[in-house]
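Before any comments, here is the structure.
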Amino acid sequence: MPESSPSCGASAVARLSSDAATVRKIADALAESLTAGQFAASAFEDSSGQWSLAIHFRAPPDEAAALTFETLAPTDWVRNSLEGLAPVDAGRFAVHTAHARERVRGKRIGIEIEAGLAFGTGHHGTTRGCLLALDRIAKAQSRRPATTGSAALRRKRGKRADVLDIGTGTGVLAIAAAKVLHRPVLASDLDPRAVAIAQGNARINGVGGAVEIIHTAGLRADTFRARAPYALIFANILLEPLKTLATPIAGLVARNGQVVLSGLLASQAGTALAGYRARGLVLARRMTLENWTTLILARPATRRATKRRSGSG
């Protein structure tokens, strides 16, 4: 039953407790829904390790009609819903399903996503924000000569990755990075189904050889350290795991490297930013779409540069 929640500006909030994968799936499904503008969903982990989902409604929900049951014929409802989605443009990128392949315009960099059990079609403000950030980063890199840091990365041992995508979902960001940056990408997800779907999407887009996707939670796996440092790291997840991962992410990004954070409500961006600033990263750009904020952070080449820019943003 929804409860009153005047402090967040919404009229009611509904809560659900479950395991991390289930809570994340529901949060992603709600974020991708056509009525996403009518509520804000946030997920968090309590001290006992239990995950909870809070859905803040902007208008009082119809409690009598809030929960209904009916028997449906077996169908892949996720696939059916995604097949009807129009391509989403984000900078030079166009994210689309196979059914909308012919609708991708002109010189767009197409990213085809096979409808499945993982969410992340580009329609949500967090994914679009990350794609716009990637487009901006790629354009900036193409306009300047290689830095000492990037040259060192290229000389590094043969089996490496220049880009890391944490919580890859359908693999949209990993695929986009491989296509536009022409660099090897390491991606991860805690859901084995998402890993399988992302691997399939990478193959569909012709970058299966450039994108490695592993099944793991957090950043404790040796694989992450073995491929570090990374010139670019994506973490499009949620506030609480972003806070938890601040130290390992800061330790994995290369000097002159960048970190793109998303999955943040506009009101949460300051909290996330503070944790990463405390670990030496500086704010390069903040973008807000549909009340969701994407942060582009940079790790300066020297500590002196960090102190000089610590007041920026």
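The values are calculated or read from the model by the stated rules, or taken from the named source; none is laboratory data. None of these values were measured; they are calculated from a predicted model. When we count neighbours, we look across all protein chains shown, and the Cβ atoms used for this are built from the backbone with ideal geometry, even at glycine. Ligands, DNA and RNA are excluded from the accessible area calculation, which covers all protein heavy atoms including side chains. Shrake-Rupley method; radii C 1.70, N 1.55, O 1.52, S 1.80 Å.
Worth pointing out:
- Positions within the stretch 194-224 being charged (D, E, K, R) and in contact with a Phe, Trp or Tyr (Cβ under 9 Å, 6 or more places away or on another chain), in sequence order: none
- Applying the criterion of being modelled with pLDDT of 55 or more and surrounded by fewer than 18 Cβ atoms within 10 Å (Cβ to Cβ) to the residues of the stretch 75-91, the residue that is farthest from Leu265 (Cα to Cα) is Ala86.
- Identity of the residue in the stretch 105-116, at pLDDT below 75 and open to solvent by less than 100 Å² (accessible area, probe 1.4 Å), that ends up farthest from Ala194 (Cα to Cα): Gly106
- Within the stretch 242-276, being surrounded by fewer than 21 Cβ atoms within 10 Å (Cβ to Cβ), over 18 Å from Arg136 (Cβ atoms) and of a type outside the set (A, V, I, L, M) holds for Lys243, Thr244, Thr247, Pro248, Gly251, Arg255, Ser267, Gln268, Gly270, Thr271, Gly275.
- Condition check for Thr170 on (1) in contact (Cβ under 8 Å) with a residue 40 or more places away in the chain; (2) not in a loop (DSSP other than H, G, I, E, B): one failure, at (2).
- Some residue of the stretch 256-273 being assigned to a strand (DSSP E or B), modelled with pLDDT under 95 and under 18 Å from Asp162 (Cα atoms): yes
- Among the residues of the stretch 182-221, the one identified as under 19 Å from Asp162 (Cβ atoms), modelled with pLDDT of 95 or more and of a type in the set (D, E, K, R) is Glu212.
- Within the stretch 173-224, the set of residues being more than 21 Å from Thr22 (Cα to Cα) and part of a strand (DSSP E or B) comprises Val185, Leu186, Val211, Glu212.
- Each residue in the stretch 163-180 was checked for being open to solvent by 20 Å² or more (accessible area, probe 1.4 Å) and either at pLDDT below 95 or among the β-branched types (Val, Ile, Thr) (or both), and 1 of them qualify.
- Listed by first and then second residue, the pairs with beta-carbon distance under 9 Å, at least 6 apart or on different chains, first residue in the stretch 188-204 and more than 17 Å from Thr223 (Cβ to Cβ) and surrounded by fewer than 24 Cβ atoms within 10 Å (Cβ to Cβ), second of a type in the set (Asp, Glu) and at pLDDT below 95, are Gly200/Glu114; Ile204/Glu112; Ile204/Glu114.
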